[in-house]
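The next block holds one structure in the form of structure tokens; read it before the comments.
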Amino acid sequence: MAHLGNWAAHDGALPDSAWSTPAGLRRLTLAGTGFILALSLLMLAGAVGFLHEDAYILFIYSRNLAEAGQIAFDAFHGPAEGATDFLWMALIALQVRLGMDPGLAAGVLNALGAAALLSALHQAHAPASWRAGVVRLLPLVLVSPFLGAALGGFSVLFYIGVYAQMLMALLHRRLKLAVVLAVVLCLTRPDAVILAAGALLPALYRFRHDRRLMALVAAAAVVGAGYFAWRVSYFGEWLPLPLLIKSQGDSLRESLVNNLMVLLPFVHLPWLYWRFGSRLSRFDLVGLLLPAALLWLALACAHQSQNISHRFQAPIMVSLLLVLVSLRLPTRRWFIVAVLPFLLFGARNLLIEARYLATPSYINTFALELRKVPAMVPDLPIAVTEAGRFPYYLPARYMDMVGLNSREVAVGGLTVDKLLAFKPALIFLHHAGTYAMPESSEPFVRLSRESFLARHHRSNDSRDPVMRAPSLLGAYLARAPEVDTVYFVRYGKGLFHVYALDSRRVPPADFEAALRRAFATGRVSHCQVSVHWPCLGD
């Protein structure tokens, strides 16, 4: 029997990969089942809680693209590349343009990615029956470590679904399809360039005399170069703003720890391969693992902020998972032994993220309550570190003090002079445990500027932009006496949110009334406050 990816023996699709064959029909049925179940879980997340804070950042860009035709964080600063998932943003914008809620749009795309991943796992594992495919493979997607990020609205399932299909296309010598999927992958996330290069390198080496393949790769390179030239012209920067920010930081130890953690569910893989072997040839295994290895090395050298549920390492886990399910394990018990660490790791990540998404918080509705305040006009200057739900529900003129969405901060970093030039009427930040919090059980504590600076503000010398913003607040307040009122607000287990406001432009009485209403709201969900189909909340 030929290997699954033995390209020398097969010219084109493998016989058992076509949809019309019994194996193909089982694969189609499994993918359809996975789509329905994944979509149900993803919709449930938006029906019972809110999506992740950072997912709303991309929704802002999608909404502005759909409604104003501009890729921008607000209506005042012009184009900004704070949304690195370009194709994901564009596809959500298209659905928003059609009247769909962006959370639902993200769920549909992620469910399609789940179906694509299941299809790839089915091809690598080749179960003998539909039931075996459902029992063995469905939990690997629905209880995966990266599902939590998808529940929060991130692109991870869509992204790895495309990635898995690209790998399968290469294994089946569908080179044209593989190159097309590589382009789609690179348009979805910028780090996919590493994955695409790693996946295509073995094919380029083995078929270096194939002019058709070289022409396809050259065409893909032209498309990539054209996109890069367009985005430099449109945004005015060589790199997306988040990549500029993530190149900064104090230590890469956390990145290395994250990378090592995702390898733990697969520590037994080398022994299992040595003991039982794989349905794949060694060349095929190199094609699966090389892109994962290159991405692992790249992430080890990057500052991994916003790495929810290890979503940045998701392609690494997918490559290892495809190798795992391709093993010639003799019994069902051996399969359980092989996949159990992955499922336990996934269940842990999933429970952590589900708990976060379902926990009620004042911040879910605070921006909506502030919209009722007459002083909160659309061009009010607001500086934030929390650039998700707050700007999504409260249109204004924003400065992102971390720099992920503000070019003037990303280039050169945040400074007091930049804040003075912006003149924010309201500053909202997460102090990340760097301040001395007031001792109080109340939802919020009001302080004068002088009291805050004397008793609670603490400076730090961190290079991390997330830590730099709260440190600079003290220096800014010392030079901006008009910002005279400071609030510590309860978020999670402590008074971690801080608001500083100019009481002449944002009346404290109105601000506190909005805070009290937000804390009194109780449990609400993303869908309850959405004005898009199918939620249509009030």
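Cα gyration tensor of the range 150-232, axes a ≥ b ≥ c as square roots of the eigenvalues: rounded (a/c below 1.5), prolate (a/b > b/c) or oblate? Could the numbers behind the result be given before it?
Details: a/c = 2.59, a/b = 1.35, b/c = 1.92.
Taking the square roots of the gyration eigenvalues as a ≥ b ≥ c, the range 150-232 is oblate.
What nm distance separates the two modelled labels at Arg328 and Arg97, each placed 7 Å from Cα along Cα→Cβ?
5.2
Nearest-5 percent of antiparallel DSSP beta bridges in the chain?
For the chain, the DSSP antiparallel bridge percentage is about 70.
Which value in nm describes the separation of the simple spin-label points at Arg275 and Glu67, placed 7 Å from the Cα toward the beta carbon?
Label-label distance for Arg275 and Glu67, simple model: 5.7 nm.
Taking 8 Å as the Cα distance limit and 6 or more residues as the minimum spacing, I'd like the relative contact order of the range 406-482 as a percentage.
Details: 54 pairs, mean separation 28.0, N = 77.
Reported relative contact order: 36 percent.
Using r as the Cβ-Cβ distance of Ala509 and Ile352, and R0 as 51 Å, what FRET efficiency do you calculate, to the nearest 0.05?
Working: r = 39 Å, r/R0 = 0.76.
Efficiency for this residue pair is about 0.85.
Quick check: net charge around Phe444, other residues with Cβ under 11 Å of its Cβ, Lys/Arg +1 and Asp/Glu -1?
Values: positive: Arg446, Arg490, Arg516; negative: Glu442, Glu512.
Around Phe444, the charge tally is +1.
Can you list the HN-Hα couplings for the range 146-155, worked out from phi with the Karplus curve (6.51, -1.76, 1.60; θ = phi - 60°), rounded to whole Hz and with x for Gly and Pro?
So the J values, rounded to whole Hz, are 9, 5, x, 5, 5, 4, x, x, 7, 8.
Taking the chain as the reference, fit the longest principal axis to its C-alpha atoms, fit the long axis of helix 102-125 to the helix C-alpha atoms, and give the angle between the two in degrees, 0 to 90, nearest 10.
30
Full-extension gain between Val411 and Val193, please, as 0.36 nm times their residue separation minus the C-alpha to C-alpha distance.
76.1 nm
Estimate the FRET efficiency between Val223 and Arg458 by the formula 1/(1 + (r/R0)^6), using the beta-carbon distance for r and 60 Å for R0, to the nearest 0.05.
The formula returns an efficiency of 0.75 here.
Which of the listed residues, Trp296, Pro534, Gly24, is farthest toward the dipole's positive end in the chain, when Lys, Arg count +1 and Asp, Glu count -1 at the beta-carbon?
Positive-end residue among those listed: Gly24.
What FRET efficiency, computed as 1/(1 + (r/R0)^6) with R0 = 56 Å and r the Cβ-Cβ distance, is obtained for Ala75 and Arg206, rounded to the nearest 0.05? Walk me through the numbers on the way to the answer.
Values: r = 51 Å, r/R0 = 0.92.
The formula returns an efficiency of 0.65 here.
Non-local amide H neighbours of Ala72 (under 5 Å, H modeled in plane, Pro and chain starts lacking H): which ones?
HN-HN under 5 Å from Ala72: Leu65, Ala80.
Which of the chymotrypsin sites (Phe, Trp or Tyr not before Pro) across the range 34-126 are loop residues per DSSP, with 16 or fewer other Cβ within 10 Å? Before the final figure, lay out each step's value.
Values: sites: Phe35, Phe50, Tyr56, Phe59, Tyr61, Phe73, Phe76, Phe86, Trp88; in loops: Phe50, Phe73, Phe76.
Sites meeting the loop and neighbour criteria: Phe76.
Let's see if you can work this out: charge +1 on each Lys and Arg Cβ, -1 on each Asp and Glu Cβ, no other charges. What is the dipole magnitude of the chain about its Cα centre, in debye to the nearest 20?
Details: 47 positive and 33 negative charges, 344 e Å.
Roughly 1660 debye, rounded to the nearest 20.
Normalising by the residue count of the chain, find the relative contact order in percent from Cα pairs under 8 Å and 6+ residues apart. Don't skip to the end; give the middle numbers.
Details: 896 pairs, mean separation 98.1, N = 538.
Computed over the chain, the figure is 18 percent.
Would you mind putting 143-150, 432-439, 477-484, 198-205 in packing order, based on average other-beta-carbon counts within 10 Å, highest first?
Working: 143-150: 27.4, 432-439: 14.2, 477-484: 16.0, 198-205: 18.6.
Output ranking for 143-150, 432-439, 477-484, 198-205: 143-150, 198-205, 477-484, 432-439.
Kindly put His122, His209, His457 in sequence by how many other C-beta atoms sit within 10 Å of each C-beta, fewest to most.
Details: His122 26, His209 7, His457 22.
Listing His122, His209, His457 from fewest to most nearby Cβ atoms yields His209, His457, His122.
Once you keep just the Cα pairs under 8 angstrom separated by 6 or more residues, what percentage relative contact order results for the range 410-538? Could the numbers behind the result be given before it?
Working: 167 pairs, mean separation 34.2, N = 129.
The value is 27 percent.
Taking θ as phi - 60°, what are the ³J(HN,Hα) couplings along the range 511-518 by the Karplus curve (6.51, -1.76, 1.60), each to the nearest whole Hz, with x for Gly and Pro?
4, 5, 5, 5, 4, 4, 5, 5
Could you tell me which residue out of Leu322, Tyr356, Ile336 lies farthest along the dipole of the range 311-393 toward its positive end? Charges go on the beta carbon: Lys and Arg +1, Asp and Glu -1, centred on the Cα centre.
Ile336
Apply the Karplus parameterisation 6.51 cos²θ - 1.76 cosθ + 1.60, with θ equal to phi minus 60°, to every residue of the range 168-178 and state each ³J(HN,Hα) to the nearest whole Hz, in sequence, with x for glycine and proline.
With coefficients 6.51, -1.76 and 1.60, one gets 5, 4, 5, 5, 9, 6, 8, 5, 4, 4, 4 Hz.
Calculate, in nm to one decimal, what His268 and Lys372 gain on full extension: separation in residues at 0.36 nm each, minus their alpha carbon distance.
Numbers: separation 104, 0.36 × 104 = 37.44 nm, distance 5.69 nm.
Result: 31.7 nm gained on full extension.
If amide H atoms are built 1.01 Å from N in the plane of the peptide, which residues on other chains or at least 5 residues away come under 5 Å of the amide H of Arg397?
Placed amide hydrogens put Leu380, Ile382 under 5 Å from Arg397.
How do the peptides 525-535, 445-455 rank, highest first, by the average count of neighbouring beta carbon atoms within 10 Å per residue? Write out the running numbers ahead of the final one.
Values: 525-535: 17.4, 445-455: 15.4.
Descending packing order for the listed peptides: 525-535, 445-455.
How big is the gap, in Å, between the Cα center of the range 75-151 and the Cα center of the range 389-464?
34
How long is the gain from Ser40 to Thr21 if the chain were fully straight, where each residue apart is worth 0.36 nm and the alpha carbon distance is subtracted? List each step's numbers first, then the result.
Values: separation 19, 0.36 × 19 = 6.84 nm, distance 2.86 nm.
Taking 0.36 nm per residue and subtracting the Cα distance, the gain is 4.0 nm.
Quick one: putting +1 on the C-beta of Lys and Arg, -1 on the C-beta of Asp and Glu, what dipole do you get for the range 410-516 around its Cα centre, in Debye to the nearest 20?
140
Any read-out appearing in this document is the output of simple, stated calculations on the displayed coordinates, not a laboratory observation. Since we're looking at a predicted model, the values are computed, not measured. Note that we place each Cβ from the backbone using ideal geometry, even for glycine, and neighbour counts take in every protein chain shown.
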